[in-house]
Amino acid sequence: MQPLLLLHGAIGAADQLQPLAARLGETFKVYTLDFTGHGSSAASEPSFAIELFADDVLLFMKQHNLGKVSIFGYSMGGYVAMYLAKHYPEKIDKVVTLATKFHWDAETAAKEIKMLNPEKIAQKLPAFAETLRQRHLLNDWKVVLQKTTEMMTALGNNSPLKPEDHTSIVAPVLVLLGDRDKMVSLDETVNVYRSLPNGQLGILPATPHPIEQADTETLSFSIMHFLLPDHR
């Protein structure tokens, strides 16, 4: 079976991708991992960075003897996948991204950071705070948010994946966006799609940003159709 690696988003963990992994596991050899400092992976570095998470993937591939893989990346996971496709093309077969924010500047970072205030989340969204606590049992969820805030600030100041980088990504890439996503714009998604030499674009109906609210059957079909075009 063809190997397929699923990458989670910011402040997320691999367990969020289990419904999708179960569905895709009927067709692919599916792998998931927690990025450093997320989920069941204890923090071993003082800060988060796209480069750090890319190294997590490369180490995981080495540990599992994966010479080349296709990757599905949700949100930040898609950014990591594209970074890998740019800098390690020999490791990447195909890439599918969903709800990935590609455009970063200081204003964008400031807007995203406002939603990561742990005190406000604990006060106004206690159920979500408890979800984060349970998700990151080996890490203080408030520290996860703080490190993510610092990473987003760095992205806003100097994004490691520039717009012109997409033109040199040779791997086939399917860029997916939910039509109800309020975090990622259609314009930035289309701009990336148009700059990719082997890009495709897909819009998922009735789909907001959170991966838990995406229809697993619709999403898995889009992924399978792209990775295995002859699969019916």
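The values are calculated or read from the model by the stated rules, or taken from the named source; none is laboratory data. Bear in mind the structure is a predicted one, so any value in this text is a computation, not a measurement. Cβ sites come from the backbone with ideal geometry, for glycine too, and all protein chains shown count toward neighbours.
Checking the conditions here, which among Leu219, Leu186 is under 29 Å from Thr36 (Cα atoms) and touching a strand residue (DSSP E or B) at 6+ places or on another chain (Cβ under 7 Å)?
Leu219
Look through segment 118-140, keep the residues that are touching a residue at least 40 places away in the same chain (Cβ under 8 Å) and in contact with a helix residue (DSSP H, G or I) (Cβ under 6 Å, 6 or more places away or on another chain), and return whichever of them is surrounded by the fewest Cβ atoms within 10 Å (Cβ to Cβ).
Leu132
Restricting to helices (runs of 4 or more DSSP H) lying wholly in segment 135-232: which have 3 or more residues that are modelled with pLDDT under 95?
In segment 135-232, the matching helices (runs of 4 or more DSSP H) lie at 141-157.
Checking Ile50 against (1) out of contact with any Pro (no Cβ under 6 Å at 6 or more places or on another chain); (2) buried (at least 17 other Cβ atoms within 10 Å of the Cβ); (3) modelled with pLDDT of 95 or more, which single condition isn't satisfied?
Only one criterion is unmet by Ile50, namely (1).
For segment 74-109, give me the residue count where each residue is closer than 15 Å to Thr153 by Cα and either assigned to a strand (DSSP E or B) or touching a strand residue (DSSP E or B) at 6+ places or on another chain (Cβ under 9 Å) (or both).
Adding up the residues that qualify gives 2.
Give segment 153-166 a look and list any residue that's more than 11 Å from Ala49 (Cβ to Cβ) and surrounded by 18 or more Cβ atoms within 10 Å (Cβ to Cβ), or say none.
Gly156, Ser159, Leu161, His166 - these are the residues of segment 153-166 that are more than 11 Å from Ala49 (Cβ to Cβ) and surrounded by 18 or more Cβ atoms within 10 Å (Cβ to Cβ).
If Glu188 passes every condition in (1) touching a residue at least 40 places away in the same chain (Cβ under 8 Å); (2) under 21 Å from Val69 (Cβ atoms); (3) of a type outside the set (Val, Ile, Thr) but one, which one does it miss?
Condition (2) is where Glu188 drops out.
Give me the pairs: first residue in segment 73-86 and among the basic types (Lys, Arg), second residue part of a helix (DSSP H, G or I) and surrounded by fewer than 24 Cβ atoms within 10 Å (Cβ to Cβ), beta-carbon distance under 7 Å, and six or more apart or on different chains, which are they?
The qualifying pairs are Lys86/Asp165; Lys86/Ser168.
Is it the case that segment 144-165 has a residue that's among the charged types (D, E, K, R), touching a Gly at 6+ places or on another chain (Cβ under 9 Å) and farther than 16 Å from Thr97 by Cβ?
Yes, segment 144-165 contains at least one residue that is among the charged types (D, E, K, R), touching a Gly at 6+ places or on another chain (Cβ under 9 Å) and farther than 16 Å from Thr97 by Cβ.
When Ser44 is evaluated against the numbered criteria (1) part of a loop (DSSP other than H, G, I, E, B); (2) in contact (Cβ under 8 Å) with a residue 12 or more places away in the chain; (3) of a type in the set (Gly, Ala, Ser), which criterion, by number, is the only one it fails?
(2)
Is there any pair with a first residue in segment 6-17 that is within 16 Å of Phe60 (Cβ to Cβ) and without any contact (Cβ under 8 Å) to a residue 40 or more places away in the chain and a second that is in a loop (DSSP other than H, G, I, E, B) and among the aromatic types (Phe, Trp, Tyr) whose Cβ atoms are under 9 Å apart and which are 6 or more apart or on different chains, and what are they?
Qualifying pairs under 9 Å: Ala14/Phe35.
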